[in-house]
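Beneath this line is the structure, given in C-alpha cells, with notes to follow.
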C-alpha cells in the first residue's frame with residue numbers, strides 16, 4: 001500500500017507521467033512474460049484468452065454433468 005499511497009495524487013491527474021507511476025520492481029508484466037517464456041520453452045503455443053474461453057465453453061457443452069447457469 002505504501003507504493004500506491006505515495007503515488008495516489010498523481011494517478012488521477014490529467015497529463016500525469018506514467019513513468020513516474022511505474023513500480024521499479026517485479027510486477028504483473030514480468031510474471032506474464034515469464035509464463036509465456038516458460039510455455040514457449042516447453043514448445044507450447046500461446047493462445048488468446050478468447051480461444052481459452054471458447055475451449056472451456058466447448059468442454060462445458062460436451063459434458064452432461066456441467067452446465068452454464070441461466071442468466072437472470
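Where a number appears in this text, it was derived from the coordinates with a stated rule and is not lab data. All of these numbers come straight from a predicted model, not from anything done at the bench. When we count neighbours, we look across all protein chains shown, and the Cβ atoms used for this are built from the backbone with ideal geometry, even at glycine.
If R0 is taken as 30 Å, the Cβ-Cβ distance between residue 2 and residue 42 corresponds to a FRET efficiency of 0.20.
Note that the chain shows a convex hull volume over its alpha carbon atoms of 221 Å³ per residue. For residue 63 and residue 26, the FRET efficiency from 1/(1 + (r/R0)^6), where r spans their Cβ atoms and R0 equals 30 Å, is about 0.20.
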